[in-house]
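These notes are about the structure you will find just below.
A short reminder: the numbers here are calculations on the coordinates, not readings from a lab. Quick caveat: nothing in here was measured; it's all calculated off a predicted structure. Neighbour counts run over all protein chains shown; Cβ positions are idealised from the backbone, glycine included.
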């Protein structure tokens, strides 16, 4: 299951909330499970390749 949008994680319960779900609920920044209002943005697993000289 690959998600293209931004994914947030609730600080209190650890639930992952996609930004599309927040848009569907009126754009309010709130956990969909516990209702806590502090979410952190999860960085995508991007591998950076650097050439060694």
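Note on residue 33 and residue 13: the model spin-label points, each 7 Å out from Cα along the C-beta direction, lie 0.6 nm apart.
Spacing of the modelled spin labels on residue 48 and residue 23, each 7 Å from Cα toward Cβ, amounts to 2.8 nm.
Here the relative contact order of the chain, from alpha carbon pairs under 8 Å that lie six or more residues apart, stands at 34 percent. Computing P(r) over Cα pairs in 10 Å bins from 0, in percent for the structure here picks out one of (1) 24, 45, 16, 9, 5, 0; (2) 21, 33, 26, 14, 5, 0; (3) 23, 47, 24, 7, 0, namely (1).
Sort 30, 48, 41 so the one with the fewest other Cβ atoms within 10 Å of its own Cβ comes first. Spell out each step's value before the answer.
Values: 30 16, 48 4, 41 10.
Fewest-to-most ranking of 30, 48, 41: 48, 41, 30.
Between residue 40 and residue 6, the modelled label-to-label distance comes to 1.6 nm, taking each label 7 Å out from Cα in the direction of the beta carbon.
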